[in-house]
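Structure, as structure tokens:
The values are calculated or read from the model by the stated rules, or taken from the named source; none is laboratory data. None of these values were measured; they are calculated from a predicted model. Reconstructed Cβ throughout: ideal geometry from the backbone, glycine too, with neighbour counts over all protein chains shown. To get the accessible areas, we keep the full protein, side chains included, count just its heavy atoms, and leave off ligands, DNA and RNA. Shrake-Rupley method; radii C 1.70, N 1.55, O 1.52, S 1.80 Å.
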Amino acid sequence: MINLILLGLPGAGKGTASERIVDKYHLTHISTGDMFREAMANKTPVGLEAKGFMDKGNLVPDEVTAKLVEERLSQPDIVAGFILDGFPRTTAQAELLTDILDRLNKPLSSVIALEATEKVLINRLSARFMCKQCGATYNKFTKKPRVEGTCDRCGAHTFYQREDDKPEVVKNRLEVNEKMNAPLKDFYQKQGLLTVINGEQGPDVVFAAVDAVLSKIN
Ligand code: AP5
Ligand code: MG
Ligand code: ZN
């Protein structure tokens, strides 16, 4: 059982690394960003509340986010363990998560932080595009679909740019998340759980470094 947190600023490659981790370790991928986007698309009360924050690149309130995570972690499909991608993002959320995991009796195995400079993050986010049907993530420079205009995963032909990847929102998103980043890493460093990985390396190299950490967990 591997219970993992992936930390990293917007564009650090949390989603990209998660896909590979899921392929090898069959962990349940829990991305709060993906969950909010789905809730927005379905116009649920949580989605409508989150939209105002997300579209501007601000954080959704801690309690709302923590409740969503607790509900998800309580479901029975988490057999081999989980990856939390994009949660926690504040030390307040980290403290809430400690309580949630205590209640559910799911101790953390490891916390991995993917690191990249702001210049790299901005370049990646501005070049990212998504499949409208299945949400698969691409990049104009580093990850084009194998057949131009066709999603590798589902075969659809329509793509879009995330609302919060527009340049004016990216700047605020990075600022908001940067403020929280160091204290969050300290929180897990103190617990002896943190490994920092250079996220500027190519996806294969990043995954090899992640794999080296995960393969030691029994
Ligand atoms: P969320 O969806 O989690 O966005 P984020 O944290 O900003 O992270 P991203 O998904 O943008 O980046 P990523 O690290 O997954 O990078 P990716 O792999 O796609 O959250 C969105 C919003 O929801 C937040 O702003 C907030 O409003 C709200 N929210 C979510 N969680 C919350 C929380 N806990 N509390 C409060 N609010 C919350 O890669 C990016 C691009 O780079 C892609 O094009 C990819 O192909 C490319 N790429 C990735 N890795 C590499 C590599 N190694 N080499 C080259 N290219 C790469
Ligand atoms: Mg992501
Ligand atoms: Zn698709």
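The relative contact order of the chain comes to 31 percent, based on Cα pairs under 8 Å that sit 6 or more residues apart. Beta bridges per DSSP, both residues in the stretch 79-197: antiparallel share near 65 percent. In the elastic network of the chain, a GNM with C-alpha springs shorter than 10 Å, the most mobile of 132, 106, 119 is 119. Count Lys and Arg as plus one, Asp and Glu as minus one, and take only other residues whose Cβ is under 12 Å from that of residue 65; the net charge is then -2. Scanning residues 5 or more positions from residue 82 or on other chains, those with amide H under 5 Å from its amide H are 2, 3, 4, 28, with H placed 1.01 Å from N in the peptide plane. Using a 1.4 Å probe on the protein chains only, how many percent of the accessible area of the chain belongs to carbon and sulfur? Heavy-atom surface of the chain belonging to carbon and sulfur, 1.4 Å probe: 53 percent.
Remark: for residue pairs 67/106; 14/185; 140/166; 56/140, the C-alpha separation exceeds 19 Å in 56/140.
Counting every Cα pair in the stretch 101-175, what percent are over 18 Å apart? It would help to have the intermediate numbers written out before the result.
On the way: 1523 of 2775 pairs.
That tail contains 55 percent of the Cα-Cα pairs.
Each label point was placed 7 Å from the Cα along the Cα-to-Cβ direction; for residue 99 and residue 120 their separation is 3.6 nm. Over all projection directions, the Cα-based convex hull of the stretch 129-212 averages an area of 7.3 nm².
Lys and Arg at +1, Asp and Glu at -1: add these up for the other residues within a Cβ distance under 13 Å of residue 4 and post the number. Result for the local shell: +3. With only the Cα atoms considered, the stretch 167-218 has a convex hull volume of 98 Å³ per residue. Over all other residues within a Cβ to Cβ distance under 10 Å of residue 82, the charged ones net out to 0, with Lys and Arg as +1 and Asp and Glu as -1. Dividing the summed helix terms, -39500 (n - 2.57) for each DSSP H run of n ≥ 4, by the number of residues in the chain produces a 222 nm estimate of -15000 deg cm²/dmol to the nearest 500. Dimensions of the stretch 26-114 from C-alpha coordinates, computed as largest minus smallest value along each principal axis and given longest first, are 33, 26, 26 Å.
Starting from the Kirkwood Rh over alpha-carbon pairs, what translational D in µm² s⁻¹ does the stretch 1-55 have by Stokes-Einstein at 20 °C and 1.002 mPa s? Write down the numbers at each step before the final one.
Values: Rh = 12.6 Å.
This corresponds to a translational diffusion coefficient of 170 µm²/s.
Of all DSSP bridge pairs formed entirely within the chain, close to 25 percent run antiparallel.
How much FRET efficiency would the formula 1/(1 + (r/R0)^6) give for residue 58 and residue 217, where r is the Cβ-Cβ distance and R0 is 25 Å, rounded to 0.05? Plugging the Cβ-Cβ distance into 1/(1 + (r/R0)^6) gives 0.15. Which value results for Rg/Rh of the chain when Rg is the Cα radius of gyration and Rh the Kirkwood radius based on the inverse mean 1/r? Ratio of gyration radius to Kirkwood radius: 0.93.
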